[in-house]
Amino acid sequence: MADSPKFIRPDQSSARPARPTLRTIADLTGFAVTTVSRALSNAPQISAETRRRVHEVAREIGYLPDRAAQRLKTGRTNVISVLLDPHEEILGYGISLMHGLAKALRKTSYHLIVTPNFINSSNIDAVHHIVRNGMADGLIFSRTEPFDPRVRLLLENGFPFVCHGRTEFTTPHPYVDYDNFSFAYEATKRLITRGRRKPMIILPPKRMTFSQHLLHGFMTAVREAGVAYEIPDEIDLDCPVEHIRDYMRRRAGQPDAPDGFACGGEVSALATITGMSDHGLTLGIEYDIVAKRTSKLLSQIQPKVETIYEDLTHTGEEMGRVLLARIAGEDTGELQVLLRPQFSFPTPESGG
């Protein structure tokens, strides 16, 4: 069998080396340009062997489709735009989410384009720009509000999207969310089971939808048990870590201080531990913490903190799957995913 033809790159001294084209693949494989084009699109009329051969050569020579030409021909950009928040509270949030999205899209023609969004700022202008100029085929974003203006805009324009979080719109829309009610409820119940008389929860900013879900879960647990509780107004999960630490140290020295903490992430848990330690209090003796875990950091450096897991890579995969289904025209009402918390608290027999 003859050796596979190799793509001969142009003179390396050239300022702009020639870009591989459909004609390049056609010359190397001996197929017609139209056959190559259909094979790259995985057209069923083209044999599996021909498709395999064309894709193999395309990978070998580094062929990439001309997006401008594709957009003119199909009206598609083959781009998924992600508005990503650099969220300090959730360790590895962006990396894990992007890893999951990449896994969901790896066998498609879509590329991810990331636009950073900053805490306490609106990215509605970025959404306007993407929709108005047709910059992407679909949009992904997080940190939803009950009547999020981004969701309203996208629904009005029929633009495919999926958000990480829910809203209170009556019109159904695609989302993937974590069940924060169940997290807060189970975390608070666990603190009460361990004998803590006054649990505290640090909530996200009140404008966020998941702040309401966390509050509902927390209040349900404390009311069922009939225990005292505390919800601080001076701090939230968006506060710098040193603010949370200083607040916890100060509160620990005041009367009737909380002795159990439901923390929505590893950063707030570590800040709480530092603040309590600065006041001379010991984790697992004077107080307990149950925290949401998204990495292995907390369990490795503070194993006495009990955790409830949120798999952000799986979240990213689900968001990618849902968005692809929405782009393909699937019914919006079927594209709503609520991910359950993963927890397994130690039993008294195991020393928990």
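The values are calculated or read from the model by the stated rules, or taken from the named source; none is laboratory data. These numbers were taken from a predicted model, which means no experiment stands behind them. Virtual Cβ from ideal backbone geometry, glycine too; neighbours counted across all protein chains shown. We work out accessible area using only protein heavy atoms, side chains counted, and drop any ligands, DNA or RNA first. Shrake-Rupley method; radii C 1.70, N 1.55, O 1.52, S 1.80 Å.
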When you check residue 207 against the structure, is it in contact with an Asp or Glu (Cβ under 7 Å, 6 or more places away or on another chain), of a type outside the set (S, T, N, Q) and open to solvent by 40 Å² or more (accessible area, probe 1.4 Å), yes or no? yes
Pick from region 40-54 the residues that are part of a helix (DSSP H, G or I) and open to solvent by less than 50 Å² (accessible area, probe 1.4 Å): which of them is modelled with the lowest pLDDT? 40
Restricting attention to region 132-147, and to residues there that are more than 17 Å from residue 171 (Cβ to Cβ) and without any contact (Cβ under 8 Å) to a residue 40 or more places away in the chain, which single residue is most open to solvent (accessible area, probe 1.4 Å)? 132
Which residue is most open to solvent (accessible area, probe 1.4 Å), if the candidates are limited to region 296-333 and must be closer than 14 Å to residue 177 by Cβ and part of a loop (DSSP other than H, G, I, E, B)? 311
Within 26 Å of residue 98 (Cα to Cα), at pLDDT 80 or above, open to solvent by 50 Å² or more (accessible area, probe 1.4 Å) and not β-branched (Val, Ile, Thr): which single residue out of 59, 76 fits that description? 59
Looking only at region 148-202, and only at residues there that are assigned to a loop (DSSP other than H, G, I, E, B), touching a residue at least 40 places away in the same chain (Cβ under 8 Å) and among the β-branched types (Val, Ile, Thr), the one that is most open to solvent (accessible area, probe 1.4 Å): 167
Among what's in region 121-159 and is in contact with a Pro (Cβ under 8 Å, 6 or more places away or on another chain) and at pLDDT below 90, pick the residue that is farthest from residue 335 (Cα to Cα). 122
How about region 334-349: which of its residues are open to solvent by less than 50 Å² (accessible area, probe 1.4 Å) and aromatic (Phe, Trp, Tyr)? 345
So how many residues does region 85-100 have that are modelled with pLDDT of 70 or more, surrounded by fewer than 18 Cβ atoms within 10 Å (Cβ to Cβ) and outside any helix (DSSP H, G or I)? 1
If a residue has to be crowded, with 20+ Cβ neighbours inside 10 Å and in a helix (DSSP H, G or I) to count, how many in region 265-295 make the cut? 10
Would you pick out the residues in region 210-242 that are aliphatic (A, V, I, L, M), open to solvent by 30 Å² or more (accessible area, probe 1.4 Å) and over 17 Å from residue 178 (Cα atoms)? 225, 227, 228, 231, 241
